[in-house]
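Down below is the structure, laid out as structure tokens.
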Amino acid sequence: MRGIYIHVPFCVKKCPYCDFYSLPFSQSKAEDYKNAVVRNLSRYNGEQFDTVYFGGGTPSLMYGHIAQILNSINRSENAEITVECNPESADEDVLNALKAAGVNRLSFGVQSLCENELSALGRTHGANEAKNAILLTSKAGFENISADIMLGILNQTKSSLEETINELCGLPVTHVSAYLLKIEENTVFGKRYVEIADKMPSEDLQAELYLTAVDALEKHGLKQYEISNFAKSGYESRHNLKYWRAEEYVGIGPSAHSYYNGRRFAVGRSLEKFLGSEFQTEETTEEFPDSEEERIMLGLRLSEGIDVNERIKGRLKLIPREYYNLSDGRLSLTPRGFLVSNEIIAILA
Ligand code: SF4
């Protein structure tokens with residue numbers, strides 16, 4: 001079965017490092033947006049989906065509309081339904097509305113539990129707010145709770161990262177995504193890069209932070225299953241696994257990507273256009289490498305790895321042994337290998 005991704009392009013405030021498509025939130029735009037999403041979903045009435053992912057943006061701002069959107073999706077009985085949420089927008093009303101709508105997985109943008117790092121990132125929540133949001137979510141009856149943390153934050157150290165992970169893992173989280181802060185040109189950080197460059201961790205420190213995260217999360221029982229994703233057993237993100245296993249999904253909303261009927265395409269980054277058209281238009285067709293290259297590129301992101309053929313076996317001698325595991329005819333990368341995965345894929349593909 002395919003999954004559905006719904007991009008909610010609203011946030012309360014733009015974070016200085018963020019390059020996702022999002023605009024200031026307003027209730028009237030949210031209502032129009034919900035109607036446009038429902039209209040677009042009507043094209044898929046005949047199809048059943050087993051994952052739904054509301055990403056953004058800050059989808060939890062639309063909590064009053066999620067039930068209506070979900071009611072227009074033909075979902076399988078055990079569908080995984082995720083909503084991304086910012087800690088400051090999770091109160092009892094929001095959580096109860098999401099639960100009643102059928103949402104069964106919440107993903108929080110925590111980023112750090114150190115106040116100085118949160119303020120360096122321009123986040124609007126504090127560490128206590130994030131911790132309370134997770135506790136409140138568990139109390140509201142959600143057992144599948146994910147948290148995003150960031151690596152390579154300005155002035156971050158190995159011990160501040162360990163502090164964040166230890167505190168986070170003392171909370172009822174079942175899944176953690178750990179992404180490296182990347183400075184994108186079109187963001188406030190990108191424009192102020194000269195000012196912030198000397199506060200950014202060096203490449204060596206970034207690598208150490210990554211290995212520290214893998215180690216600390218594993219110690220807390222969150223097993224790495226993808227380059228940047230860790231989960232307790234059985235709590236891996238079923239929706240995101242579709243991306244990495246090259247399974248198909250429908251993307252709805254401005255900037256959303258789809259892989260549908262063998263074609264990959266994206267919708268343009270314009271809310272106005274999305275609201276003004278009966279159905280969204282596919283603006284960019286994406287070329288993907290041939291199936292063998294795709295298999296290697298996507299499969300080596302996952303700890304489950306890929307089946308090895310003779311060609312790959314021949315090329316493995318070009319890769320240092322500490323970067324990969326080879327067992328039962330399957331090749332997977334070690335955490336050190338994940339750090340240089342682009343170079344390894346270039347050799348193997
Ligand atoms: S809340 Fe998330 S999506 Fe919104 S601006 Fe910040 S990082 Fe971007």
- request: Let me know the Kirkwood hydrodynamic radius for the stretch 291-348, please, with Cα pairs as the basis and the value in Å to one decimal.
  value: 11.1 Å
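How much length, in nm to one decimal, is gained on full extension between GLU77 and LYS273, taken as 0.36 nm per residue of separation minus their Cα-Cα distance? Display every interim value, and only then the final one.
Working: separation 196, 0.36 × 196 = 70.56 nm, distance 3.38 nm.
Additional length available on full extension: 67.2 nm.
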field: Hull-based mean projected area of the chain, where the convex hull spans the alpha carbons, in square nanometres
entry: 17.6 nm²
Using θ = phi - 60° and Karplus 6.51 cos²θ - 1.76 cosθ + 1.60, couplings along the stretch 120-137 (whole Hz; Gly, Pro as x): 4, 7, x, 6, 8, 10, x, 5, 5, 4, 5, 5, 5, 4, 5, 5, 5, 5
- prompt: For the residue pair SER28 and GLU322, what label-to-label distance in nm results when each label sits 7 Å from Cα along the Cα-to-beta-carbon direction?
  reply: 6.1 nm
field: Expected-Rg normalisation [2.2 N^0.38 Å, Cα atoms] applied to the stretch 184-243
entry: 1.52
query: In the chain, which cysteines lack any other cysteine Cβ under 4.7 Å from their own?
result: CYS11, CYS85, CYS114, CYS169
query: Sorted from largest down, what three extents in whole angstroms do the Cα atoms of the stretch 1-159 have along their principal axes?
result: 51, 30, 28
Electrostatic dipole magnitude of the stretch 59-183 [Cβ: Lys, Arg +1; Asp, Glu -1; Cα centre; debye, to 20]: 240 debye
query: Any idea how far the Cα center of the stretch 295-313 sits from the one of the stretch 193-271, in Å?
result: 18 Å
statement: The aspartates and glutamates whose Cα lies under 17 Å from the Cα of LYS34, excluding any fewer than 8 residues away in the same chain, are GLU84, GLU272, GLU278
query: Evaluated at 4 °C with a viscosity of 1.567 mPa s, what Stokes-Einstein diffusion coefficient in µm²/s does the stretch 212-273 have when Rh comes from the Kirkwood expression over alpha-carbon pairs?
result: 94 µm²/s
task: Sort 236-249, 298-311 for me by packing, meaning the mean count of neighbouring Cβ atoms within 10 Å per residue, highest on top.
output: 236-249, 298-311
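Set the bar at 28 Å for Cα to Cα. Now go through LYS158/LYS223; LYS199/LYS273; LYS139/LYS242; LYS131/LYS182 and name every pair that lies beyond it.
Flagged as over cut-off: LYS199/LYS273; LYS139/LYS242.
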query: Residue-wise, which Karplus ³J(HN,Hα) couplings in Hz belong to the stretch 188-204, taking 6.51 cos²θ - 1.76 cosθ + 1.60, θ = phi - 60°, and x for glycine or proline?
result: 4, 4, x, 6, 9, 4, 4, 5, 9, 3, 6, 8, 7, x, 5, 4, 5
- prompt: Under 20 Å from the 7 Å Cα→Cβ point of LEU205, by amide nitrogen: which residues of the stretch 109-128?
  reply: 111-123
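To the nearest 20 Debye, how big is the dipole of the stretch 291-348 about its Cα centre, given +1 on the beta carbon of each Lys and Arg and -1 on that of each Asp and Glu? Before the final figure, lay out the partial values.
Details: 9 positive and 9 negative charges, 45 e Å.
Dipole of the stretch 291-348, to the nearest 20 debye: 220 debye.
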task: Only Cα pairs under 8 Å and at least 6 apart count here; give the relative contact order of the chain as a rounded whole percent.
output: 15 percent
task: Work out the charge dipole of the stretch 60-187 with +1 on the Cβ of Lys and Arg and -1 on the Cβ of Asp and Glu about the Cα centre, then indicate which of ASN186, GLY126, THR82 is farthest towards its positive end.
output: THR82
field: Fluctuation leader among THR285, THR174, THR212 - the chain, Gaussian network, Cα springs under 10 angstrom
entry: THR285
task: Report, in deg cm²/dmol and to the nearest 500, the calculated mean residue ellipticity at 222 nm for the chain, where each DSSP H run with n ≥ 4 adds -39500 (n - 2.57) and the sum is divided by the residue count.
output: -10500 deg cm²/dmol
field: Electrostatic dipole magnitude of the chain [Cβ: Lys, Arg +1; Asp, Glu -1; Cα centre; debye, to 20]
entry: 280 debye
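Given the convex hull over the Cα atoms of the stretch 164-278, what projected area results after averaging over all orientations, in nm²? List each step's numbers first, then the result.
On the way: hull surface 42.2 nm².
Across all orientations, the stretch 164-278 yields a mean hull projection of 10.5 nm².
Read the figures in this text as sums done on the coordinates, not as results from a lab. Given the structure is predicted, the values throughout are model-derived calculations rather than measurements. All Cβ positions, glycine included, derive from the backbone under ideal geometry; neighbour counts span all protein chains shown.
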